[in-house]
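S.K.: First, the structure itself, so that you have it in front of you.
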Amino acid sequence: MRRLTFCLLLLLVPPFAPAAAAETLPTDSARLTTIPREYRLDGVVEAINQSTISSQTSGQVMEILVDVDDFVEQGAVIIRLKDTEQRARLDQAEAELQAANAVWQEASRDYERTKEIFQRKLVAQSAMDKATASLKASKARQEAASAALNQAKEQLEYTRIRAPYAGIVTERLIETGETASPGQQLISGISLDQLRVSVDVPQSLIPAIRQQASAQVLLPDASSVAATAVTIFPFADPASGTFKVRLQLPAEIAGLFPGMLVKTRFEIGKTQELLIPAASVVYRSEVTAVYVIDKDNTLSLRLIQTGHKRNGNLIAVLAGLEDGERVALDPVEAGSRLKLQSKGSADE
């Protein structure tokens, strides 16, 4: 039906008179060009770093320093838990380490004295063995006390919940005064520094995408950005028969946020299209046309059928032109000259 309508429009447009002045018009030629064959699909923007922080110790929530939509730097404290119990354990661990150090120092001195006397053959082997065992035992107790101190320090640090990366708070799951237990979810957040796009791709396109591994994401401002990596999941969704494909984006893409729907373009091969400058196309109501200059410099208006824009300043022609035909780059000037020439031909 579309082709029939296009043919009827061609029949309805009358031919225009020759135009000698067409020689001075800037022109360009329609060129049959090999371009990537593309397939467009909808995708969803995701944050690579998106997580919910859970408590690693128990304690009452004393202070929540951030709220939803707040930006936090990596390592910043966002929640404080009551640390009375953890500080008491830290003090106890420090005291036990001091005691273990004192015992080890005493055992070391006793070992050196016994060793000196043993070398002079003034004590039995059993005394030397006893001093050696005492030294090893005191050393082991010292190491155990040191490990307990490190654990106590870690438990105290757990009372200060820190941001694992720079990002934005998306949800608070606990309030001040509540008691947090190990494993309980506290707060959620996302990072906008690293984004990706998740796309459900029909299984028929997967072999070509695996071979090409090239994709682009169309941004809200009509520009596009190439994916830095294409990851294809090794299994299909049994319900839809589609494969999930993730497109890694460069860092800090302006205008994109997690949850947004975007268009994606996958290269699945090569094709040939007839391309002309987009500026040469005339749009009049439902009519799309170009001013064509023939070999004898005859200027005429030709109806065409266009496709997608390519490379920003080129547009594909589906019907109405042939490879090598010249088109006027300034449709306004070409239209003015054609009117004057048509008028001159009519006067003659």
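S.K.: Which condition number in (1) open to solvent by less than 60 Å² (accessible area, probe 1.4 Å); (2) in a helix (DSSP H, G or I); (3) in contact with a Gly (Cβ under 9 Å, 6 or more places away or on another chain) is the one that residue 90 fails?
M.R.: The failed condition is (3).
S.K.: Would you say residue 207 is open to solvent by 40 Å² or more (accessible area, probe 1.4 Å), part of a loop (DSSP other than H, G, I, E, B) and of a type outside the set (A, V, I, L, M)?
M.R.: no
S.K.: Condition first: without any contact (Cβ under 8 Å) to a residue 40 or more places away in the chain and open to solvent by 90 Å² or more (accessible area, probe 1.4 Å). Now tell me which residues in region 107-149 satisfy that.
M.R.: 109, 112, 113, 116, 119, 120, 121, 122, 125, 130, 136, 143, listed by residue number.
S.K.: Got at least one residue in region 141-158 being of a type in the set (Gly, Ala, Ser) and more than 30 Å from residue 108 (Cβ to Cβ)? Let's see the steps before the verdict.
M.R.: First, pick out the residues of region 141-158 that are of a type in the set (Gly, Ala, Ser): 144-148, 152.
Next cut, more than 30 Å from residue 108 (Cβ to Cβ) only: none.
Within region 141-158, not a single residue is of a type in the set (Gly, Ala, Ser) and more than 30 Å from residue 108 (Cβ to Cβ).
S.K.: If you don't mind, there's one more thing I want to ask. What about residue 63, is it modelled with pLDDT of 90 or more and either polar (S, T, N, Q) or open to solvent by 70 Å² or more (accessible area, probe 1.4 Å) (or both)?
M.R.: Working: modelled with pLDDT of 90 or more: yes; either polar (S, T, N, Q) or open to solvent by 70 Å² or more (accessible area, probe 1.4 Å) (or both): yes.
Judged against the criteria, residue 63 is a match.
S.K.: Could you check region 234-257 and list, in sequence order, the residues that are under 15 Å from residue 201 (Cβ atoms), open to solvent by less than 30 Å² (accessible area, probe 1.4 Å) and within 10 Å of the chain's Cα centre (by Cα)?
M.R.: The one that is under 15 Å from residue 201 (Cβ atoms), open to solvent by less than 30 Å² (accessible area, probe 1.4 Å) and within 10 Å of the chain's Cα centre (by Cα): 247.
S.K.: Something else: Only one of 327, 245, 292, 317 is β-branched (Val, Ile, Thr), assigned to a strand (DSSP E or B) and in contact with a Gly (Cβ under 8 Å, 6 or more places away or on another chain). Can you tell me which?
M.R.: On the way: 327 fails: in contact with a Gly (Cβ under 8 Å, 6 or more places away or on another chain); 245 fails: in contact with a Gly (Cβ under 8 Å, 6 or more places away or on another chain); 292 fails: in contact with a Gly (Cβ under 8 Å, 6 or more places away or on another chain).
Just one listed residue meets the conditions, 317.
S.K.: For residues in region 168-191 being open to solvent by less than 50 Å² (accessible area, probe 1.4 Å) and assigned to a loop (DSSP other than H, G, I, E, B), which is farthest from residue 260 (Cα to Cα)?
M.R.: In this case the residue turns out to be 177.
The values are calculated or read from the model by the stated rules, or taken from the named source; none is laboratory data. What you are looking at is a predicted structure, and each value in this text was computed from that prediction instead of being measured. Ideal geometry is used to build each Cβ from the backbone, glycine not excepted, and the neighbour counts take in all protein chains shown. Surface accessibility is based on the protein's heavy atoms, side chains included, excluding ligands, DNA and RNA. Shrake-Rupley method; radii C 1.70, N 1.55, O 1.52, S 1.80 Å.
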